[in-house]
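The values are calculated or read from the model by the stated rules, or taken from the named source; none is laboratory data. Since we're looking at a predicted model, the values are computed, not measured. Glycine also receives a Cβ, built like all others from the backbone with ideal geometry; neighbour counts cover every protein chain displayed. Note: areas computed on protein heavy atoms with side chains; ligands, DNA, RNA excluded. Shrake-Rupley method; radii C 1.70, N 1.55, O 1.52, S 1.80 Å.
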Amino acid sequence: MGFAPLWIRWMHGCLSSVSYSFNVNGVKRGYVSPSREIRQGDPLSPCLFLFCAEELSNLLNNGIRNKQITGVKIAKQGPSVSHLFFADDSLIFCKANGDEAGHIKEILECYEKASGQQVNINKSAIFFSKNTGSRKKEEMLQKLGGIQQVSQEKYLGLPLVVGRSKNSVFRFIKENMMARIQNWKGKLLSNAGKDVLLKSVALAVPSYAMSVFKLSKSLCKELSGIMARFW
């Protein structure tokens with residue numbers, strides 16, 4: 001990435017000169033030299049993490065420039081997006097063909113060798129568009145080395161796949177609200193207490209999902225009916 005050799009030696013010196021001791025029954029015991037460079041709680045860790053993410057971004061951008069990977073466009077005149085990073089999660093976009101999947105696999109393997117990090121296959125998934133055929137899906141899954149197709153799972157508390165029936169996908173919101181209200185029914189609450197619980201707790205249950213998705217009118221009516229019956 002163009003850092004001076006002296007600066008790199010400084011960083012390695014800061015990382016390799018650290019040792020830990022353990023407090024056992026009020027007495028310090030032993031010293032341990034860490035074998036991993038990025039450590040939780042170290043002030044340098046966020047900077048080093050960003051350097052690694054920046055290098056992965058550079059590898060993907062090189063793939064775009066060399067026309068090995070094709071990004072996705074939200075609009076015809078919009079920019080092409082090849083990847084999005086959020087904390088330690090990565091979203092990579094490409095065309096549904098074996099060649100681009102193979103190039104992405106090569107980029108990830110190159111990044112693994114350089115950084116020492118490794119892609120967790122069990123926590124990774126691939127999402128196909130509706131127009132992707134079954135043969136292309138099998139080819140992509142094979143090229144990416146065992147990554148499975150995304151299913152009805154949640155990411156950060158929200159569903160990954162939203163189909164035609166929003167009511168079935170967001171049924172968990174209704175269930176969460178009913179569970180909260182069921183716990184309140186056995187208690188002696190005044191009208192003021194009910195009002196506070198409905199406004200501060202019940203109304204907050206769907207707000208997180210509604211900040212990302214537009215819920216159906218029928219589901220909103222069901223949620224309003226649950227609160228009205230409790231009131």
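Quick look at the numbers
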{"item": "Additional length obtainable on full extension of the chain from Asn25 to Cys47, 0.36 nm per residue less Cα span", "result": "4.4 nm"}
{"item": "Chain lengthening between Gln142 and Phe172 when straightened (0.36 nm per residue, less Cα-Cα)", "result": "7.5 nm"}
{"item": "(i) 60, 20, 12; (ii) 32, 18, 16; (iii) 43, 32, 16, with the label sought being that of the calculated semi-axes √(5λ) of the Cα gyration tensor in Å", "result": "(iii)"}
{"item": "Cβ charges +1 (Lys, Arg) and -1 (Asp, Glu), total dipole of region 94-138, debye", "result": "280"}
{"item": "Size of electric dipole in the chain: Cβ of Lys, Arg +1 and of Asp, Glu -1, about Cα centre, debye, nearest 20", "result": "1180"}
{"item": "Long pairs among Lys123/Lys214; Lys154/Lys221; Lys73/Lys174; Lys95/Lys123; Lys95/Lys217, criterion Cα-Cα beyond 32 Å", "result": "Lys73/Lys174; Lys95/Lys217"}
{"item": "For the chain, built as a Gaussian network whose Cα springs stay under 10 Å, the top-fluctuating residue of Lys217, Lys28, Lys185", "result": "Lys28"}
{"item": "Estimated vicinal HN-Hα couplings, Hz - region 18-27 in sequence order (Karplus 6.51, -1.76, 1.60; Gly, Pro = x)", "result": "8, 9, 10, 10, 10, 8, 10, 6, x, 10"}
{"item": "Inter-probe distance in nm under a simple model that places probes 7 Å from Cα toward Cβ, at Ile74 and Lys185", "result": "4.3"}
{"item": "Sulfur and carbon atoms: percent of accessible area, region 18-165 [1.4 Å]", "result": "52"}
{"item": "Among Lys105, Lys67, Lys199: highest mean-square fluctuation, GNM of the chain, C-alpha pairs under 10 Å", "result": "Lys199"}
{"item": "Two-decimal ratio, region 123-162, of alpha-carbon radius of gyration to 2.2 N^0.38 Å", "result": "1.24"}
{"item": "Listed residue (Phe172, Leu141, Leu203) projecting farthest to the positive dipole end of region 131-221, Cβ model", "result": "Leu203"}
{"item": "Most mobile of Tyr208, Tyr155, Tyr20 in a GNM of the chain (Cα contacts under 10 Å)", "result": "Tyr20"}
{"item": "Bins of 5 Å from zero: percent of alpha-carbon pairs in region 152-231", "result": "3, 13, 27, 23, 15, 10, 6, 2, 0"}
{"item": "Accessible area per residue in Å² at 1.4 Å probe, computed on the chain", "result": "73"}
{"item": "Hz values of 3J(HN,Hα) by residue in region 119-131 - Karplus curve (6.51, -1.76, 1.60), Gly and Pro given as x", "result": "6, 7, 5, 5, 9, 10, 8, 10, 10, 9, 6, 5, 8"}
{"item": "Helical contribution to [θ] at 222 nm, DSSP H n ≥ 4, -39,500 (n - 2.57), averaged over the chain, rounded to 500", "result": "-14000 deg cm²/dmol"}
